[in-house]
Amino acid sequence: MSSQSKDKQGPPPSLYLPLEEKLYRVRYEIDSDHAHIRVDPEVCGQCREKVCTFICPARVYTQDPEDSNLVQVHYENCLECGTCRVACTRGGVIWSYPNGGQGVKYRFG
Ligand code: SF4
Ligand code: SF4
């Protein structure tokens, strides 16, 4: 196959799907008794960058509408990729794996 015909193929169509549709491809067993991600409000209150609000592929972290210094955590949407644990260099993320059998389930492996 020539490189020209490869270029014409382009990326797979799934790359163009909106986030909501991509997230529809995973399933969750939500552990409503145990939020496996929390943040330290004292640390977050001092954080200007709020890198968690744009680094997470599932938009788990959003700015708190009532206090822009804080973030809200929608842990039930977490894909367990671990990116936020690395990206938050301030130690604001308190992260553990969901309890056994809970959390994200990938439908396609
Ligand atoms: S979790 Fe980390 S990156 Fe996000 S607001 Fe808190 S300290 Fe900042
Ligand atoms: S582990 Fe990944 S999907 Fe889950 S909150 Fe962190 S960045 Fe988002």
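Residues in segment 82-109 that are closer than 17 Å to ALA35 by Cβ and either free of Cβ contacts under 8 Å to residues at least 60 places away in the same chain or hydrophobic (A, V, I, L, M, F, W, C) (or both): GLY82, CYS84, ARG85, CYS88, GLY92, VAL93, ILE94, TRP95, GLY100, VAL104.
Checked against the criteria, GLY45 counts as more than 19 Å from PRO18 (Cα to Cα), touching an Asp or Glu at 6+ places or on another chain (Cβ under 9 Å) and more than 8 Å from ligand 1 (Cβ to nearest atom).
When we screen VAL93, VAL71, VAL86, VAL51 for residues that are of a type in the set (Val, Ile, Thr), under 30 Å from LEU17 (Cβ atoms) and in contact with a Phe, Trp or Tyr (Cβ under 8 Å, 6 or more places away or on another chain), the only hit is VAL71.
Taken over segment 20-42, the criterion of being farther than 20 Å from ASN99 by Cβ and within 8 Å of ligand 1 (Cβ to nearest atom) is satisfied by ASP40 alone.
Only one of GLU76, GLU49 is at pLDDT 95 or above and of a type outside the set (Ser, Thr, Tyr). Can you tell me which?
When all the criteria are applied, what remains is GLU49.
Screening segment 43-54 for residues that are in contact (Cβ under 8 Å) with a residue 24 or more places away in the chain and in a loop (DSSP other than H, G, I, E, B) and picking the one that is surrounded by the fewest Cβ atoms within 10 Å (Cβ to Cβ) gives GLN46.
Screening LEU79 against (1) among the aliphatic types (A, V, I, L, M); (2) under 25 Å from GLU21 (Cβ atoms); (3) out of contact with any His (no Cβ under 9 Å at 6 or more places or on another chain); (4) free of Cβ contacts under 8 Å to residues at least 40 places away in the same chain leaves a single unmet condition, (4).
The values are calculated or read from the model by the stated rules, or taken from the named source; none is laboratory data. Just so it is clear, the model here is predicted, and its values are computed rather than measured. In this analysis, Cβ positions are derived from the backbone assuming ideal geometry, glycine residues included, and neighbour counts consider all displayed protein chains.
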